[in-house]
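Beneath this line is the structure, given in structure tokens, with notes to follow.
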Amino acid sequence: MEERKLQDLLESMTLEEKVGQLVQCNAGQFIANTMEITGPDGEMLPTEDLCRVMGSVLTFENAQQAKALQEMHLTADPKKIPLLLMLDVIHGLRTTYPIPLAMGCSFDDDLMTACADMARKESAACGVHVTFNPMVDTARDARWGRIMETNSEEVLINSRMGAAYVRATQGENLAEKDSVACCVKHYAAYGAGEAGRDYNTVDVSERTLRETYLPAYRACVEAGARLVMPSFNALNGIPSVANRWLMNDVLRGEWGFDGVVISDYNAVGELVPHGVAKDLKDAARLAMEAGCDIDMVKNAYYLYLADLVKEGIIQEETVDAAVMRVLKLKNELGLFENPLHGADEEAEKRLYLCEEHRAIARRAAEETAVLLKNDGILPFSGEVKRIALIGPFAEETRLNGFWSRPGAEKDTVTIPEGIRALMPDAEVIIEKGCGAEFADTDRSGIAPAAEAARKADVVILTLGEPENYSGEGRSRAELTLPGPQIELARRVIEANPRTAVVLFNGRPLVLEELAETAPALLEMWYPGTEAGNALARLLWGKANPCGKLSVGLPRSVGQYPMPYNRMNTGRPKPPPDNRPVPFSSCYLDMPNLPLYSFGYGLSYTTFAYEKLTLDRRSMTGEETLKVTVTVKNTGKLPGKEAVQLYLRDPVASVVRPVQQLIDYRKIELQPGESRDVEFTISEKQLRFIDFNCREVSEAGELQISTGYADHLILTESFVLK
Ligand code: NOJ
């Protein structure tokens, strides 16, 4: 539709119809028309008009339902304004790829693009118009269960992968049937909740906000994301959905965002318990004034927005502007011409779990696994007649992660299936050993598991956290392996030195004892549909691990916050000594550094970093610096390596981090092959936020290194003029 006609449409709408564009309900409520809406005096309000009024719906099941919803609505709505259908497609729709935190460990934006592309095709076929993704909340505290939804503790990775996701999902033209609009979330700093508790308050300075949290949302907006979701948390005292500074000044003002802002689930209503609105009507006023266009589920707008306008408290122009943004999005998606968009049962059948998509999911599961330790037992080699597969995850099907679609476990390639497919002649003995829930205390399976281990040629010991222990509302105070898993590990490792410990979890766990005792330690995260195949291929060397930690793994919860890019102090502890130094910034009872650092990960081959060269010793703001890192595969297998580039600014007007990732690139090298990996550094990458919250670069000496966090090598310096 021509944009001019949208204005005519808006002018033809009643106030009630306008409000309808700004409210969203669940598909279930919509279909059953049973949404319970209570009025100010507790009376039930009539709901028979729901179908006609609602402008958008979230969480539906498939193309058939998408079509039914749209048809129901269009039949009832005299204005024939199509519904927007939204869904959380976080790491794949039907073909599930690894959780976002794992995806960050690939250090590979192209892999993210390939996965996003597959999710886009499946989502479009399902009838999705908007996905609530990417989630780019920089998170450093693994107590927060939603750390599984972010790519990294590092904002650069979140920015690049988030932007790659947006580009791949939205494509060139949203009106194409297989394009899906992105809603970037949770704006802002949701990952910084105090004490790692979900929904908790966030207090960060504007400087830190602009340096560590905002750039990722901004990168997604600049990549074209059409929607933004404010976060649940209060940020410096104001819940995001009521935060005018965040939405009007920064998002729409500074960044020029002209898309739709949609609240998180019930977040407008939560302004009341937050204690900044006296009732739901006040909440509606605050959110609308702050720039929130759509109220997800709580009905504050549905119940009160029209009254607020009639009473002159909210200007009708404010509502009109919000409605116009929603209409424009519908128009960009081509819904006025084709309200069904990509919804297509045939395409669903063709695309879901097709060979091509499985291959992408398998590659992703292989390339996001992080080999933390290997005493040389991996890859398994020699004749393997008997395999003991032990642990609570041995036959688990829920290896997909919190945000996988309901029923995803039915599609999972289990570990026994993966092993049997690769090793058809070997006998696989399965012993659960124990459970992995907090409440699991039964130890009777441990002795039989150790016995099975003793008799086997190799042992695969699966440990971790149940799938629903990470994700929304899943904070933990301890990061140990739940249940008697560590006792199982002790007995099994003692019984057989050819034991590979394989971990399934959605957050960093405390692994200190296993790091000591396990002959090999492989972090699989939640790998998704192709879990079993990917694991078997990794264990037998058909795939070579190449993941690097996108978040450091702690020795203890007491180390948090523990960002790799911690700030300089006046009393630094001299590296690399890991022992306490009196009156320096350290603990008495534990090293400062994580157990495994950000950027760390092993391979079955070895890489030598031979040289780092700069093409100039000084640069102006207009010039660029070419950094060349020469990397050689010195082992016997082909392998991929994430080459990382770090910056250190020894003297600046404000305290700077001890190390800062400024670029990365994933390369593949054959045995003996050497490559010059080139990075082009511009002044923009050297900027930081100064005391006055301005983004600046400052003249002076800067250092560039490679390696990984706290293990930097080949440092060279240059001068920024
Ligand atoms: C709540 C979550 O915080 C958000 O991430 C999600 O997109 C919405 N619910 C919708 O399901």
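Per-structure values
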{"quantity": "Surface accessible to a 1.4 Å probe, per residue, for the residues of the chain, Å²", "calculated": "37"}
{"quantity": "D690 paired with K79, simple spin-label distance in nm, labels 7 Å along Cα-to-beta-carbon", "calculated": "4.9"}
{"quantity": "Overall Cα dimensions of region 292-386 - principal axes, largest extent first, Å", "calculated": "81, 37, 21"}
{"quantity": "22 Å Cα-Cα reach of K455 towards lysines, excluding residues that sit fewer than 8 places from it in its own chain", "calculated": "K385, K432"}
{"quantity": "Kirkwood hydrodynamic radius of region 605-720, from inverse mean 1/r over distinct Cα pairs, in Å", "calculated": "15.0"}
{"quantity": "Heavy-atom accessible surface of the chain: percent carbon and sulfur, 1.4 Å", "calculated": "48"}
{"quantity": "When region 47-205 is reduced to its Cα atoms, the Kirkwood hydrodynamic radius in Å", "calculated": "16.8"}
{"quantity": "For region 168-222, convex hull of alpha carbons as volume per residue, Å³", "calculated": "99"}
{"quantity": "Qualifying aspartates and glutamates (Cα of each under 19 Å from Cα of K278; at least 8 residues distant if same chain)", "calculated": "D41, E270, E289, D295, D307, E311"}
{"quantity": "Nearest-20 debye value, the chain charge dipole, Cβ charges on Lys, Arg, Asp, Glu", "calculated": "1840"}
{"quantity": "Full-stretch length increase - E678, N173 - with 0.36 nm per residue and alpha-carbon distance subtracted", "calculated": "178.5 nm"}
{"quantity": "Cα convex hull of region 205-271, projected area averaged across orientations, nm²", "calculated": "4.3"}
{"quantity": "Relative contact order of region 355-539, defined on C-alpha pairs under 8 angstrom at six or more residues apart (%)", "calculated": "36"}
{"quantity": "Cα pair distances exceeding 30 angstrom across region 3-347, given as percent", "calculated": "32"}
{"quantity": "F583/N26 FRET efficiency (R0 60 Å; Cβ-Cβ; nearest 0.05)", "calculated": "0.55"}
{"quantity": "Estimated distance in nm for a label pair at R490 and A359, the labels positioned 7 Å out from Cα along Cα-to-Cβ", "calculated": "4.8"}
{"quantity": "Theoretical ellipticity at 222 nm over the chain - DSSP helices of four or more residues, -39500 (n - 2.57) apiece, nearest 500", "calculated": "-8000 deg cm²/dmol"}
{"quantity": "E61 paired with S653, simple spin-label distance in nm, labels 7 Å along Cα-to-beta-carbon", "calculated": "6.0"}
{"quantity": "Selection of trypsin sites (Lys or Arg not before Pro), region 613-661, meeting DSSP coil and at most 12 other Cβ within 10 Å", "calculated": "R616, R617, K636"}
{"quantity": "If the convex hull is drawn through the Cα atoms of region 438-496, its volume per residue in Å³", "calculated": "83"}
{"quantity": "Label-zone membership for region 205-220, site W245, 7 angstrom Cα→C-beta point, backbone N under 12 Å", "calculated": "205-210"}
{"quantity": "Cα-based convex hull volume of region 563-657 per residue, rounded to whole Å³", "calculated": "154"}
{"quantity": "Two-decimal Rg/Rh across region 385-541, once Rg and the Kirkwood Rh are taken from alpha-carbon atoms", "calculated": "0.94"}
{"quantity": "Restricting region 471-526 to GluC sites (Glu not before Pro) in coil, as DSSP defines it, with at most 14 other Cβ within 10 Å", "calculated": "E478"}
{"quantity": "18 Å cut-off, amide nitrogen to a point 7 angstrom out along E427 Cα→Cβ, residues in region 370-389", "calculated": "383-389"}
{"quantity": "For region 224-338, alpha-carbon Rg relative to the globular expectation (2.2 N^0.38 Å, N residues)", "calculated": "1.03"}
{"quantity": "Using a Förster distance of 30 Å, the FRET efficiency for E395-K349 (Cβ separation, nearest 0.05)", "calculated": "0.55"}
{"quantity": "Fully extended contour minus Cα-Cα distance, from D279 to D203, at 0.36 nm per residue", "calculated": "24.9 nm"}
{"quantity": "Within region 296-368, GluC sites (Glu not before Pro) in DSSP loop having at most 15 other beta-carbon neighbours inside 10 Å", "calculated": "E311, E337"}
{"quantity": "Geometric extent, Cα atoms of region 131-210 - Rg, Dmax (angstrom)", "calculated": "14.1, 44"}
{"quantity": "Contour minus Cα-Cα distance for Q670 and E716 (0.36 nm per residue)", "calculated": "13.8 nm"}
{"quantity": "Calculated log₁₀ intensity ratio I(q)/I(0) where the Debye formula runs over C-alpha points of the chain, q = 0.08, 0.09 Å⁻¹", "calculated": "-0.66, -0.83"}
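The values are calculated or read from the model by the stated rules, or taken from the named source; none is laboratory data. Just so it is clear, the model here is predicted, and its values are computed rather than measured. No Cβ is skipped: glycine too gets one built from the backbone with ideal geometry, and neighbour counts run over all protein chains shown. Note: areas computed on protein heavy atoms with side chains; ligands, DNA, RNA excluded. Shrake-Rupley method; radii C 1.70, N 1.55, O 1.52, S 1.80 Å.
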